[in-house]
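Accompanying notes for the structure given below.
The values are calculated or read from the model by the stated rules, or taken from the named source; none is laboratory data. None of these values were measured; they are calculated from a predicted model. Counting neighbours? That spans all protein chains shown, and the Cβs are built from the backbone with ideal geometry, glycine included. We work out accessible area using only protein heavy atoms, side chains counted, and drop any ligands, DNA or RNA first. Shrake-Rupley method; radii C 1.70, N 1.55, O 1.52, S 1.80 Å.
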Amino acid sequence: MLQSEFITSSIGKKIVIAVTGLFLFGFVIGHLAGNLLIFAGPDALNSYARKLRDLAPLVWSARFVLLASVVFHIWTSILLTIENRAARPIGYEVRKTIQTSIAARTMMLSGLVILAFIIYHLLHFTFRVTHPEISHLTDSLGRHDVYSMVVLSFQKVYISAVYGIAMTLLCLHLAHGASSWLQTLGWNNERTQPLFVRISAAVSLLILIGYVSIPISVLCGVVK
Ligand code: HEM
């Protein structure tokens, strides 16, 4: 099979979705680890953000791969969904959804909501255009004050709520995605699949707890 034929085949598309999804999964874990530094105080988080800025060429390469992964992941998922729908134009007489989980059935929806969230999140924290009052904060050492930016944002209940909803959908998406990629790459079998499903659900739940612990701690006044 030619390389281009492979990529456009159904299994080729699934592999593109699995590999890009795996990279995005890695980013979500790495980003969480960095964000959890908020519990170590302003200096820890601000100096981490400063170090990332100092590693500019490396960060820009990672950003490029990240953006390419997002584009390929979404585009290939849309193509595969259209292809699958076209393969059964009449639709199932009785929709066989009983055995599939909510996460599996809502992958496209949760994926599109996550995309909308990422656009909002970048406008919020990276380009800092949605909330001008947090756009130019600096700490006593003259560094960008990421700590205060996050705290002042999450003190607003509606911002914390938006993040909470988006991160819940993200973890539903990850729970199904993580259990499917091993299957797509052919690295599991019927016997190991239930175990992988449980491990994926547990890891996704831990990721959710890690992320939502930040707005919740700010709202409760634990991080201020
Ligand atoms: C409590 C939750 C979160 C917090 C506090 C947070 C915090 C931040 C901050 C402060 C930045 C800007 C860094 C800077 O420019 O100095 C950022 C960038 C970013 N965040 Fe988050 N984030 C959270 C959740 C998420 C989630 C769930 C995702 C993915 C679905 C995500 C994806 C990104 C991306 C793609 C960037 C841009 C990275 C870059 O500029 O290279 N974040 N985040």
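Adding -39500 (n - 2.57) for every DSSP H run of four residues or longer, then dividing by how many residues the chain holds, sets the calculated 222 nm ellipticity at -24500 deg cm²/dmol. Across all C-alpha atoms in the range 119-173, the radius of gyration and Dmax reach 12.5, 40 Å.
Restricting the calculation to alpha carbons of the range 1-87 gives Rg and Dmax of 17.8, 56 angstrom. Here the peptides 13-26, 170-183, 191-204 are ranked by packing, the mean other Cβ count within 10 Å, and the order with the highest first is 170-183, 13-26, 191-204. What FRET efficiency comes out for the pair residue 8/residue 187, r = Cβ-Cβ distance, R0 = 25 Å, nearest 0.05? Rounded to the nearest 0.05, the efficiency is 0.60.
Carbon-plus-sulfur accessible fraction, the chain (probe radius 1.4 Å, protein heavy atoms only): 71%. Across the range 48-57, coupling constants 3J(HN,Hα) worked out from phi with the 6.51/-1.76/1.60 Karplus curve, θ = phi - 60°, read 4, 4, 5, 4, 4, 5, 5, 8, 2, x Hz, and Gly and Pro carry x. Above 33 Å, the calculated P(r) of the chain contains 25 percent of its Cα-Cα pairs.
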